[in-house]
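Visitor: Take a look at the following structure, please.
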Amino acid sequence: MQKNSRLIWLMLVGMAAFIGYLILQNQTIKKESSAKSTVVQVKSQTAELSNLKRQVQSLGTVLASESIQVVSNASDYITVLNINEGQTVEKGALLVQLHDVEERARVAELTAQLTEQKRQLDRLKNLTRTQASAQSLLDEQQAKVNTTLAQLDAVKARLNDLTIKAPFSGVLGLRRVSQGAYVSAGTVLTTLDDLSQVRVEFSVAEQYLAQLKPGMQVSSDSVAYPGQPFEGQIKAIDTRLDPISRSVRVHAMVPNPDQKLRPGMLLTVKVTLDQQPAIQISEKALVPLKNKQYVYVIQPDNTVVQTEVEIGQRLPGLVEISQGLTPGQQVVVEGTQKLQTGTSVTVVE
């Protein structure tokens, strides 16, 4: 009797274990079937070749194309002052006239004296031809003429120092003297800047030196005029590099017809090194993992494969793919958080 009871219990336990196994197996099959039937909705982008501008960016400072401090060359009183702050003047315009009455009188005196001496010289030359006068008198008179000429040139130079004119066309800066003031030699009267075009100075890293050439296009932006680029060209490249920063100074000329750019302004400068076809995709498609970049490439059967890529230049919202993708491949740009290799996807607009 006891043996039959044990046998019955063993049979019941075996049947319960078998039923549990069937239930567990059924649940596993359902989970796998459910996992296989799960499809993730994503947004995608086709990798295509497009022209990519390879640019280098730097900070630059605006300089006037021509800039000087207008300085007095002599010491005297100011009799004429034509410095109107912010005024545009032409080359040769009179800016400041110092007191020159004495010099003008001296020029008139020496001019009259020279005229008389030349007349005497001509008379002696005629007499010498007829041997009526000695050659020594002629030489003496020629020396007097030469002396007076030298004195006249010296006075005219002094007179020229008393007249200050604009050496080039430009815009006058702040006036630093007043009408009637006594100024000494070396006194700064104002500044003069040619702002019809400006010179932008910026530095470029050594690695781009071989690609820089005069004439390259330059685009610059200023916080004072947001959204308004100022275009120009590279004018000159320094022959030396900074041994500390390992960068080279570059000067670009930028037209400035409205005189919006002023010396000392800070600009963000971009130099277009070249323009070549390259694969560009949205930055949102990148999946960073352990210092590497990946994208999910959609296969013909609508599954995805995680693919490693190498990136190049970054642009706002875009990134260049230098290796890992070929034109025509479709990559996921939204929904990458739910993906892994083999996941089925549905592309939505």
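The values are calculated or read from the model by the stated rules, or taken from the named source; none is laboratory data. Please read all numbers here as calculations on a predicted model, not as lab measurements. Note that we place each Cβ from the backbone using ideal geometry, even for glycine, and neighbour counts take in every protein chain shown. We work out accessible area using only protein heavy atoms, side chains counted, and drop any ligands, DNA or RNA first. Shrake-Rupley method; radii C 1.70, N 1.55, O 1.52, S 1.80 Å.
Visitor: Among the residues of segment 317-338, what is the count of those that are without any contact (Cβ under 8 Å) to a residue 24 or more places away in the chain and either buried (at least 18 other Cβ atoms within 10 Å of the Cβ) or within 23 Å of residue 49 (Cα to Cα) (or both)? Break it down into steps so the answer makes sense when it comes.
Guide: Taking segment 317-338 and keeping what is without any contact (Cβ under 8 Å) to a residue 24 or more places away in the chain, we get 323, 337.
If we keep only those that are either buried (at least 18 other Cβ atoms within 10 Å of the Cβ) or within 23 Å of residue 49 (Cα to Cα) (or both) as well, we get 323.
Residues in segment 317-338 being without any contact (Cβ under 8 Å) to a residue 24 or more places away in the chain and either buried (at least 18 other Cβ atoms within 10 Å of the Cβ) or within 23 Å of residue 49 (Cα to Cα) (or both): 1 in total.
Visitor: Among the candidates 162, 95, 152, 174, which residue alone is touching a His at 6+ places or on another chain (Cβ under 9 Å) and within 30 Å of residue 82 (Cα to Cα)?
Guide: Among 162, 95, 152, 174, only 162 is touching a His at 6+ places or on another chain (Cβ under 9 Å) and within 30 Å of residue 82 (Cα to Cα).
Visitor: Count, please, the residues in segment 246-274 that happen to be part of a loop (DSSP other than H, G, I, E, B), open to solvent by 70 Å² or more (accessible area, probe 1.4 Å) and closer than 15 Å to residue 202 by Cα. If you could, list the steps in order and put the result at the bottom.
Guide: Pass one, segment 246-274, residues part of a loop (DSSP other than H, G, I, E, B): 246, 256-265.
Checking which are open to solvent by 70 Å² or more (accessible area, probe 1.4 Å) leaves us with 246, 257-258, 262.
Of the ones still in play, those that are also closer than 15 Å to residue 202 by Cα are 246.
Matching residues across segment 246-274 total 1.
Visitor: On to the next question. With respect to the numbered conditions (1) more than 26 Å from the chain's Cα centre (by Cα); (2) buried (at least 17 other Cβ atoms within 10 Å of the Cβ); (3) closer than 30 Å to residue 195 by Cα, which one is the sole condition not fulfilled by residue 64?
Guide: Among (1) more than 26 Å from the chain's Cα centre (by Cα); (2) buried (at least 17 other Cβ atoms within 10 Å of the Cβ); (3) closer than 30 Å to residue 195 by Cα, the lone unmet condition for residue 64 is (1).
Visitor: Could you identify the single residue in 178, 222, 203, 196 that is open to solvent by less than 40 Å² (accessible area, probe 1.4 Å) and among the hydroxyl-bearing types (Ser, Thr, Tyr)? Break it down into steps so the answer makes sense when it comes.
Guide: On the way: 178 fails: open to solvent by less than 40 Å² (accessible area, probe 1.4 Å); 203 fails: open to solvent by less than 40 Å² (accessible area, probe 1.4 Å); 196 fails: open to solvent by less than 40 Å² (accessible area, probe 1.4 Å).
That would be 222, the only listed residue that is open to solvent by less than 40 Å² (accessible area, probe 1.4 Å) and among the hydroxyl-bearing types (Ser, Thr, Tyr).
Visitor: Same structure again: Evaluate the following for residue 215: is it closer than 15 Å to residue 67 by Cα and not basic (Lys, Arg)?
Guide: No.
Visitor: If you scan segment 275-293, which residues turn out to be of a type outside the set (Val, Ile, Thr) and open to solvent by less than 40 Å² (accessible area, probe 1.4 Å)?
Guide: Going through segment 275-293, the residues of a type outside the set (Val, Ile, Thr) turn out to be 275-278, 280, 282-286, 288-293.
Of everything in segment 275-293, those that are of a type outside the set (Val, Ile, Thr) and open to solvent by less than 40 Å² (accessible area, probe 1.4 Å) turn out to be 278, 280, 282, 285, 286.
Visitor: Which residue, of 307, 341, 346, is touching a residue at least 12 places away in the same chain (Cβ under 8 Å), within 19 Å of residue 46 (Cβ to Cβ) and open to solvent by 40 Å² or more (accessible area, probe 1.4 Å)? Spell out the reasoning first.
Guide: Details: 307 fails: open to solvent by 40 Å² or more (accessible area, probe 1.4 Å); 341 fails: within 19 Å of residue 46 (Cβ to Cβ).
Being touching a residue at least 12 places away in the same chain (Cβ under 8 Å), within 19 Å of residue 46 (Cβ to Cβ) and open to solvent by 40 Å² or more (accessible area, probe 1.4 Å) holds for just one of 307, 341, 346, which is 346.
Visitor: Mind listing just one residue for me: the one in segment 259-278 that is within 14 Å of the chain's Cα centre (by Cα) and of a type in the set (A, V, I, L, M) and, of those, modelled with the lowest pLDDT?
Guide: My answer is 273.
Visitor: Also, I was wondering about something else. Given the options 341, 346, name the one that is farther than 30 Å from residue 201 by Cα and in a loop (DSSP other than H, G, I, E, B).
Guide: Exactly one of 341, 346 is farther than 30 Å from residue 201 by Cα and in a loop (DSSP other than H, G, I, E, B), namely 341.
Visitor: Something else about it: Hey, residue 302 hits all of (1) open to solvent by 20 Å² or more (accessible area, probe 1.4 Å); (2) modelled with pLDDT of 90 or more but one; which does it fall short on?
Guide: Only one criterion in (1) open to solvent by 20 Å² or more (accessible area, probe 1.4 Å); (2) modelled with pLDDT of 90 or more is unmet by residue 302, namely (2).
Visitor: Moving to a separate point now. Only one of (1) open to solvent by less than 60 Å² (accessible area, probe 1.4 Å); (2) aliphatic (A, V, I, L, M); (3) over 30 Å from residue 246 (Cβ atoms) is not met by residue 56, so which one is it?
Guide: For residue 56, the exception is condition (3).
Visitor: Need pairs with beta-carbon distance below 9 Å; first residue more than 19 Å from residue 44 (Cβ to Cβ) and among the aromatic types (Phe, Trp, Tyr) and within segment 275-289, second open to solvent by 70 Å² or more (accessible area, probe 1.4 Å) and part of a strand (DSSP E or B); sequence gap 6+ or separate chains.
Guide: Filtered contacts from segment 275-289: no entries.
Visitor: For residues that are touching an Asp or Glu at 6+ places or on another chain (Cβ under 8 Å) and either outside any loop (DSSP other than H, G, I, E, B) or surrounded by fewer than 13 Cβ atoms within 10 Å (Cβ to Cβ) (or both), tally how many sit in segment 69-107.
Guide: The total comes to 3.
Visitor: Could you please let me know if residue 312 is more than 30 Å from residue 227 (Cα to Cα) and open to solvent by 30 Å² or more (accessible area, probe 1.4 Å)?
Guide: no
Visitor: Name the single residue, out of those in segment 152-166 being of a type outside the set (Lys, Arg) and surrounded by 15 or more Cβ atoms within 10 Å (Cβ to Cβ), that is nearest to residue 114 (Cα to Cα).
Guide: 152
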